[in-house]
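Peer 1: Here it is: the structure, laid out below.
The values are calculated or read from the model by the stated rules, or taken from the named source; none is laboratory data. Because the structure is a prediction, the values reported are computed rather than measured. Ideal geometry is used to build each Cβ from the backbone, glycine not excepted, and the neighbour counts take in all protein chains shown.
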Amino acid sequence: MAIREFFESRRLLFSGIAASLGLASVVAPVVTSPATAQPVEGSGPIQPSTISPPGTYQPCTAYFGLTKDNSDLLSFEVDNINNAVSPTPVIGTDIVPILTVTDGTQSIDCIPDLGWTDEATWQSDYMGFFGNLFSYGLITYPGLGYYLMPAVDGTTSIPLIEGGSMLPTASSLRFEVNFTGRTVTVTPSTLVHTFGGFTPNNYLSGAQLSDPYFAAVMAAVTATGNAAQAALLLELLTAGQVNGVFALCDDDTLHLNVPNVNFLPLAATMDSLLQQEPTVDPGCTMPTKSASYLYNIEVQNAKVPNSLVTLTITDPNAPTTTTTTSVAADPVAPAFTG
């Protein structure tokens, strides 16, 4: 809740970019060679180009089928130093973010789309079936002003609307503006890709088991349960699968081949972490599926604070005021004669 309140207090809440620019809703996507303009990604002074005519860039949804399962989030804050631009420019009308996504051989330039328009569409359209965790308070509605960008993790292939798919290897962000003679600094230095994969089933990949999101899950299991339960969970997840069933489990009963005194306490710990009623007669897949949910909760919650891109606008020619301070002379003691 503190994270949400912090960002809502500082973020400009924007309307949809496509609507504000009067862009066509969907057009035939055009895949181009890498952009000749140098993408802006990082801190340092830049001079963005002026806004291109409407229709020059299409919304990213004209190219990608983005969901929480294959995307990261972007959000924006404008820090207008000493009213360098008046009134403060707004993302979507005065400042247009252009996302460049490449697979190393081809690039797509597009305008990021809002991920949701209100709490209901966040829960239904973005979160989908995973939105039931919202009712438990495990994932908090972050508010408005969040845009989707394709995940870049080296393994996640993004479907293209016109058919086929693209495996992004890099992405960058630049901005077009309707003001001139100002310096715009963009932070952080690179786009933050939080995405750790989404696996709403029983199995987490080896890469996921070694990333910080799973480490957070293991820490929670250890703190709520104990180290022995965490060790059993890791053993279940790393033992592999045979015909879709975990190797440590019986194919027919879906219970452990060799009973383990830590199994039922582990199941109770997972129920507690997911804030759900105790599972009756849990099978092998119960703790592993719960671990997958907890992992994805960590990922989704990390996307929000990692999304923020700040544009700082300054006037490099702003006059400086020099203040001169007068110093009074030391008083002279009067001299008396007599």
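Quick grid of which residues meet (1) loosely packed, with under 15 Cβ neighbours inside 10 Å; (2) among the acidic types (D, E); (3) within 24 Å of F195 (Cα to Cα):
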site: C60; (1), (2), (3): no, no, yes
site: K68; (1), (2), (3): no, no, yes
site: N82; (1), (2), (3): yes, no, no
site: P97; (1), (2), (3): no, no, yes
site: D103; (1), (2), (3): no, yes, yes
site: W116; (1), (2), (3): no, no, yes
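Peer 1: Within the range 83-99, can you find the residues that are in a strand (DSSP E or B) and more than 17 Å from T61 (Cβ to Cβ)?
Peer 2: The answer is I91, I95.
Peer 1: Here's something else I'd like to know. L256 - would you say it is free of Cβ contacts under 8 Å to residues at least 24 places away in the same chain and of a type outside the set (S, T, Y)?
Peer 2: Taking the combined requirement at face value, the residue does not satisfy it.
Peer 1: Condition first: at pLDDT 90 or above, assigned to a loop (DSSP other than H, G, I, E, B), more than 14 Å from the chain's Cα centre (by Cα) and not assigned by TED's automatic domain parsing to the domain that holds F64. Can you find one or more residues in the range 226-234 that meet it?
Peer 2: yes
Peer 1: Output the strands (runs of 3 or more DSSP E) that fall wholly within the range 105-194 and possess 2 or more residues being more than 17 Å from the chain's Cα centre (by Cα), or say none.
Peer 2: Output list reads 107-111, 170-177, 183-187.
Peer 1: Which one of these does T337 not meet: (1) at pLDDT 70 or above; (2) farther than 30 Å from N80 by Cα; (3) not assigned by TED's automatic domain parsing to the domain that holds T253?
Peer 2: It fails just one condition, (1).
Peer 1: Of the residues P278, P259, which single one is within 30 Å of K303 (Cα to Cα), at pLDDT 90 or above, of a type outside the set (V, I, T) and part of a loop (DSSP other than H, G, I, E, B)?
Peer 2: Selected residue: P278, the only one of P278, P259 that is within 30 Å of K303 (Cα to Cα), at pLDDT 90 or above, of a type outside the set (V, I, T) and part of a loop (DSSP other than H, G, I, E, B).
Peer 1: Please identify the pairs in which a residue from the range 82-99 that is under 15 Å from T185 (Cα atoms) has its Cβ atom under 7 Å from the Cβ atom of a residue that is surrounded by fewer than 14 Cβ atoms within 10 Å (Cβ to Cβ), counting only partners at least 6 apart or on another chain.
Peer 2: Between residues of the range 82-99 that are under 15 Å from T185 (Cα atoms) and residues that are surrounded by fewer than 14 Cβ atoms within 10 Å (Cβ to Cβ), the close pairs are N82/A318.
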